[in-house]
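What follows is a set of notes on a single structure, which appears directly below.
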Amino acid sequence: MKKNIPIFDGHNDTLLHLQDGLTSFFHPLEHTHIDYERAQKSGFAGGFFAMYTPSPAREENREDFMNENGYKFPLPEGITQAEALTFTHKLASQLFRTEKENPHTFRVVRNVKELKDSIDQGKMAAIFHIEGAEAIDLSFDSLYVLYKTGLRSIGPVWSRNNDFGEGVPFCYPSSPDTGDGLTEKGFELLHHCNHLGIMVDTSHLTERGFWNVAHATVAPVVATHSNVHSLCPHARNLTDEQIRKIADSGGVIGINFAVNMLRADGKFDTDVSMDEIIAHFRYIADFVGVDHVAFGSDFDGTTIPDVLQDVTGSRKVLKALEEDGFTEEELEKIAWKNWVRVLEETWKD
Ligand SMILES: [Zn+2]
């Protein structure tokens, strides 16, 4: 394998860990999956940096929702637009300050040329992504303002309900068909995003929400951090019909390293083999083609396998994919070219 195939990743929650000063991103951070030094070492070229506003903390323990088969966590309560917008500003500010203070090593990219240039120059490329669109008001004023600042990707919902649609709960085993899809305002949001060239992410939507987006959008359908339901029947994973639709639209699926979305038994157990991880990439590549699978780690947003450890684990995955028989050209597609292709077709410039 060419030594330095860059890896561009569909989802991280690193900003959430750095909200009190992203400048710390350039110092080793032991409690996170990604910091600049480890990212450089592993060829992590950048990715979608999520702005996610947490739900208010709850008292319950995880065990409260476990049963003999698996688990069924209820959807957390919603948050207000004012709370979400304030929090989004806080995270976005850290993103822009990091760029300002490190102009030669970190860049918030707003178009495909900037993305490609950053990857070529070894400058970390960050895409401003909102996970759960609560920050967007129902007149869409904040959407246009945030777009102007750099917003280029939105997941209409996280796994909770909002004015735009219904989220899929963390359930195992479960179909993703757990409730309603997009609301009327959700369809309006989709149309505004299509108009502006903002990517719309279907991860965390119910199956109905997925199909609402898939049938109404003019852009390729994407799931930035979701896995294969046939291999792990978690409500957050994608059925074969959904995978087929994403491929038919020219879209892509970013493979999520959450242990409970990789393991066939859905357990919160970090003992996951590399083979179990590779199986999700292989399944999609064999089923619909290598053009439709990519990385979507969920670093700093989930519990990942021991075998991966942190961002350096992505390099190990790429190596294992090579050992599994993927050619260099295919590895490049999985590692970054599929994401670039989809963004070329989605963004307006
Ligand atoms: Zn997520």
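The values are calculated or read from the model by the stated rules, or taken from the named source; none is laboratory data. The structure presented is a predicted model; accordingly, all values stated were derived computationally and were not measured. FYI the Cβ positions are ideal-geometry reconstructions off the backbone, even for glycines, and counts take in every protein chain you see. Heads up: the accessible areas ignore ligands, DNA and RNA and are worked out on the full protein's heavy atoms, side chains in. Shrake-Rupley method; radii C 1.70, N 1.55, O 1.52, S 1.80 Å.
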Förster-model FRET efficiency, 45 Å R0, S175 and H104, C-beta, rounded to 0.05 | 0.40
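Give me the net charge for the shell around M51: Cβ to Cβ below 11 angstrom, other residues only, Lys and Arg +1, Asp and Glu -1. Kindly include the intermediate steps, with their values, before the conclusion.
Working: positive: K90; negative: D13, E131, E134.
So the surrounding residues net to -2.
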For the chain, set up a Gaussian network in which alpha carbons nearer than 10 Å are linked by springs, and say which option among F170, F281, F73 fluctuates the most.
-> F73
Take the solvent-accessible surface of the protein heavy atoms, probe 1.4 Å, and return the percent of it on region 7-346 that carbon and sulfur atoms account for.
-> 48 percent
Run through the DSSP bridge list for the chain and note the antiparallel percent, rounded to the nearest 5.
-> 20 percent
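Determine the calculated [θ] at 222 nm for the chain from helices alone, applying -39500 (n - 2.57) to every DSSP H run no shorter than 4 residues and normalising by the residue count; nearest 500 deg cm²/dmol.
Numbers: 13 runs with 128 residues, N = 349.
My calculation for the chain gives -10500 deg cm²/dmol from helical runs alone.
Please report, in whole Å³, the volume per residue of the convex hull around the C-alpha atoms of region 193-349. Write out the running numbers ahead of the final one.
Values: hull volume 16.3 nm³, N = 157.
Enclosed volume per residue, from the Cα hull, is 104 Å³.
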Between G46, G209, G266, find the one with the highest GNM mean-square fluctuation for the chain; connect C-alpha pairs within less than 10 Å.
-> G266
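Suppose the chain between N111 and E323 were pulled fully straight at 0.36 nm per residue; how much longer would it get relative to their current alpha carbon spacing?
Details: separation 212, 0.36 × 212 = 76.32 nm, distance 3.38 nm.
Residue separation times 0.36 nm, minus the Cα-Cα distance, leaves 72.9 nm.
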Which GluC sites (Glu not before Pro) from region 13-110 combine a DSSP loop assignment with at most 16 other Cβ atoms within 10 Å?
-> E30, E59, E60, E68, E77
For E77 and N61, extending 7 Å from Cα along the Cα-Cβ vector and measuring point to point gives, in nm, a value of 2.3 nm
What is the sum of charges around E166, taking Lys and Arg as +1, Asp and Glu as -1, for the other residues whose C-beta is under 14 Å from the C-beta of E166?
-> -3
May I ask you to derive the relative contact order of region 198-289, considering only C-alpha pairs under 8 Å and at least 6 residues apart, and to give it as an integer percent?
-> 25 percent
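Find the relative contact order for the chain and round it to a whole percent, using C-alpha pairs within less than 8 Å whose residues are 6+ positions apart. Please report the intermediate quantities before stating the final value.
Values: 764 pairs, mean separation 68.6, N = 349.
Computed value for the chain: 20 percent relative contact order.
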By the Cα gyration tensor axes a ≥ b ≥ c (a/c under 1.5 gives rounded; else a/b larger than b/c gives prolate, otherwise oblate), the shape of region 121-208 is oblate
Can you tell me how much longer the chain between Q121 and F268 gets when fully stretched, taken as 0.36 nm per residue apart minus their C-alpha distance, in nm with one decimal?
-> 49.1 nm
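How big is D, in µm² s⁻¹, for region 7-346 by Stokes-Einstein at 20 °C and 1.002 mPa s if Rh is the Kirkwood radius over C-alpha pairs?
Working: Rh = 19.7 Å.
For the chosen part, D equals 109 µm²/s.
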Using a 1.4 angstrom probe, figure out how much accessible area the chain has per residue, in square angstrom, rounded to the nearest whole.
-> 39 Å²
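Counting pairs of alpha carbon atoms under 8 Å apart in space and at least six apart in sequence, what relative contact order in percent does region 73-140 give?
On the way: 51 pairs, mean separation 27.3, N = 68.
Value for region 73-140: 40 percent.
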Taking the chain as a Gaussian network, Cα atoms linked when under 10 Å apart, which of V252, V288, V200 shows the biggest mean-square fluctuation?
-> V288
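Please state the equivalent ellipsoid semi-axes for region 72-142: what are the square roots of 5 times the Cα gyration tensor eigenvalues, largest first, in whole Å?
30, 14, 12
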Using only Cα atoms, locate the centre of region 212-287 and the centre of region 39-70, then give the distance between them in Å, rounded to an integer.
-> 17 Å
